[in-house]
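Below you'll find the structure, written out as structure tokens, and then a few comments.
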Amino acid sequence: MRSVSVDLNNDASLLIDIPDALCERDKVKFTVHTKTTLSTFQKPEFSVPRQHEDFIWLHDTLVETEDYAGLIIPPAPPKPDFESPREKMHKLGEGEATMTKEEYAKMKQELEAEYLAVFKKTVQVHEIFLQRLSSHPMLSKDRNFQIFLEYDQDLSVRRKNAKEMFGGFFKNMVKSADEVLISGIKEVDDFFEQEKTFLLDYYSKIKDSTAKAEKMTRSHKSTTWNFFYLFIFLTLKLGKLSDLFEKLRKVEGRVASDQELKLTELLRYYMRDIQAAKDLLYRRARALADYENSNKALDKARLKSKDIPQAEEHQQQCLHKFDKLSESGKRELTGFKGRRVVAFRKNLIEMAELEIKHAKVSNIMTGSHAERTHTLLD
Amino acid sequence: MQPTSLEQLEEEEAKDSFDVDVAVTNPEKVGDGMNAYMAYKVSTRSSLPMFRSKTFSVRRRFSDFLGLYEKLSVKQSLHGCIVPPPPEKSVVGMTKVKVGMDDPSSVEFVERRRAALERYIQRVVSHPSLLQDPDVREFLERDDLPRAVNTQALSGAGFLKMINKASDAVNKMTIKMNESDTWFEDKFQEVENEEQQLRKLHALVDSLVNHRKELCGNTAVFAKSMAMLGNSEDNTALSRALSQLAEVEDKMEQLHQEQAASDFFIFAELLADYIRLLGAVRGCFDQRMRAWQRWQEAQSTLQKKREAEAKLLWANKPEKLQQAKEEITEWEARVTQYERDFDRIGMTVRKEVLRFEKEKAKDFKSQIIKYLEAMLQSQQRLIKFWEAFLPEAKAIA
């Protein structure tokens, strides 16, 4: 999971991790642990409990901060989703009467493993969000980030206030006007023209790939589950041979989850990251639109000979903002390119190596069983 | 080489007498529309002198196989013989083939049926008593076989109905059998349990096959999407790697397909065969019960005749008395005959069951080995695919 964004958490001045988490019915409580040498913090090491909603609050405040308009804000972590293992747990409860004690125990064990896997995934995705912030020269200094890390009371009160202040207004605007504005703007800068074309196209493709990868991974997992029922049953019929099927199923399960982590999660993460990059392009396009409008207003003011200094002032501000966004944006997008390629490379290599490893293990196990079967079933 | 034990001697003898190999191949559609049917080539290879030559072949259709079963079951099951049941009829599957659809599911259906017919006939000829049956020889050798007519009853459901009807008759018996030898009771219970278990197992394998097919579809769709993403990618080396990944996923889809076919043809069909065969085994136990019942009824009739004779001793009717004495003699003979029949059928059932279990163990073993070998092949190809991809991933810069 860490390889979706390489080079995180390297700077010893601010180290963040989530060493622990608790699952209480529907809510997950993350323990956010910080180790720092920075004087801006009150203590050198501390931990706070945080909920998923707190992370969302932090993300949204960053998005809505004017000063960060020229930055790619790391995508918010997705909500913890225990739907799948919970559903299976429910079915297991219903089917308890028809199973033997052994079967039930084994299935329960498997389900608990799946639960744990989902749990680990959500912890890591929340951790990566924080680590991307701490690795960013500007965002790591954000006041709200500091509050998030340090404030030892319940954040939910602060969260509510923030919501009332911004009312989620900006966020809604972004969602609806996005594509139209970005594609409609007349671009003067080659770099941004290329980036715009690339990102819009790439986003739609990666969104599609993510959805198809998710479907494939789900299929793979349910095949593994099927294999599992089969194994439980084979224990009755084929004794020793069922050992092989159980081992194969475990390996198959690992293949499915490795593929999910290295491929599906990678695609999912970068789909959201590209959306964040698109948001940056949007903000820049907005700034350009504002600048063009301010030019028109200045012309009008000159024509009417009224309020010229204000109009000039406003135009200068818009130009300055636009230039700042462009400069920062160029830096961010170039960094993003490199980051994406490095992450893909790492994950694809790891996935291929794992597939090979698992297949070799399966092959050896199957081979030795095939040999023994000649004497096994006599 | 001198055989060292009686067992070995018997085994070697057995190997020699079963030198019959039958293959069912070349399915061909004959005729058009709803009257069309599939004809299969049935080729026999044998060194046994009872056949007209060492190798020969005929063309047979599905109903011919069913007809053979019908003839055999009428004759042989009365002796307690386990007659292998034929594969099931399928109106849906066959209709699609008749209507001329060339889609993969129709092709799969024909292949499935061909393989099942082959297994069926091979089991028939491997049975020492059935091989001697003239109907079997006629089926293998005769060029123009008269069409079987009573095959409507022999759909899959029909076959089961027949077996269950026999069971019902047995259950309704008023006189309960007092087994001196618990072997039959125990074995029957074993057979029933095993049949149940195999049914469950078959359902699971079926479900696995379906899930694998779904995985195939999803993998193919994903591969296409990955190819599009690769095209969109602006980093050259990464673009290349993503396209290669799409190709690997395509190959994975093929592997999943083959695995699903393997699951099905090797595993699922084996289970389906044995579920039917266990039904046939149950059938011959029921035949033995019927034989016992016949014997008991004859004894009870004999008893009544003796009582009638005793009554007539007091009445003064010499002709009626003579007739009664004759009837007693007749029924005494019958009772003796039925008792002998019952004993004989019991011995046959025992022998048949032991033979069946041996064959079953052999069958399962060889199919499992096949399955494992197919898996090995599949795994090795998978390794090759990913090993070819790895340098592409490493080349990303």
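For B:Glu28 and B:Arg355, compute 0.36 nm times the residue count separating them, minus their Cα-Cα distance, and round to one decimal in nm. Spell out each step's value before the answer.
On the way: separation 327, 0.36 × 327 = 117.72 nm, distance 3.53 nm.
Full extension from B:Glu28 to B:Arg355 adds 114.2 nm.
Pick out the long, greasy-scoring helices in chain A: whole DSSP H runs spanning 27 Å or more along their own axis by Cα, mean Kyte-Doolittle at least -0.5.
Helices meeting the span and hydropathy rule in chain A are A:190-238.
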Hey, what's the Cα Rg ratio for segment B:327-369 versus the globular rule of thumb, 2.2 N^0.38 Å? 2.02
Applying the Karplus parametrisation 6.51 cos²θ - 1.76 cosθ + 1.60 with θ = phi - 60° to the phi angles of segment A:18-31, what ³J(HN,Hα) value in whole Hz is obtained for each residue in order, glycine and proline being reported as x? 10, x, 8, 7, 10, 10, 10, 6, 8, 9, 10, 10, 8, 9
Residue-averaged beta-carbon neighbours from other chains (10 angstrom radius) around B:355-365: 1
Please identify the DSSP H helices in chain B that span no less than 30 Å along the helix axis (Cα) and have a mean Kyte-Doolittle hydropathy of -1.0 or more. B:104-126, B:183-232, B:236-262, B:269-314, B:318-394
So, how do all the Cα-to-Cα distances of segment A:1-174 break down into 10 Å bins, in percent, from 0 on up? 9, 32, 31, 16, 9, 3, 0
With the cut-off at 26 Å, report for segment B:197-396 the share of all Cα pairs above it, as a whole percent. 64 percent
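Listing A:Ile206, A:Ile128 from the residue with the fewest other Cβ atoms within 10 Å to the one with the most, what is the order?
A:Ile128, A:Ile206
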Can you compute 3J(HN,Hα) from phi for each residue in segment B:43-52, using the Karplus curve 6.51 cos²θ - 1.76 cosθ + 1.60 with θ = phi - 60°, rounded to whole Hz and x for Gly and Pro? 10, 10, 10, 7, 9, 5, x, 5, 8, 5
Consider just the alpha-carbon atoms of the protein assembly as shown and return their Rg together with their Dmax, both in angstrom. 38.8, 153
Per residue, how much space in cubic angstrom lies within the convex hull of the C-alpha atoms of segment B:347-397? 39 Å³
At each listed q (0.09 Å⁻¹), what is the log10 of I(q)/I(0) that the Debye formula gives for segment A:197-377 modelled as equal alpha-carbon point scatterers? -0.57
For each of B:Arg290, A:Arg268, A:Arg372, count neighbouring Cβ atoms within 10 Å of the residue's Cβ, then give the residues from fewest to most. A:Arg372, B:Arg290, A:Arg268
Ranked by Cβ crowding within 10 angstrom, fewest neighbours first, how are A:Lys324, A:Lys196, A:Lys296 ordered? A:Lys296, A:Lys324, A:Lys196
Taking the Cα atoms of chain B, what is the range of coordinates along each of the three principal axes, in descending order and whole Å? 119, 53, 45
Starting from the eigenvalues of the Cα gyration tensor, five times each then square-rooted, give me the equivalent ellipsoid semi-axes of chain A, largest first, whole Å. 50, 24, 19
In whole angstrom, and with the biggest value first, how far do the Cα coordinates of segment A:114-156 range along each principal axis? 38, 26, 12
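Bear in mind that the values in this text are calculations on the coordinates, not laboratory data. Please read these numbers as outputs of a predicted model, since none were measured by experiment. Every residue, glycine as well, gets a Cβ built from its backbone with ideal geometry; the counts of neighbours run over all protein chains shown.
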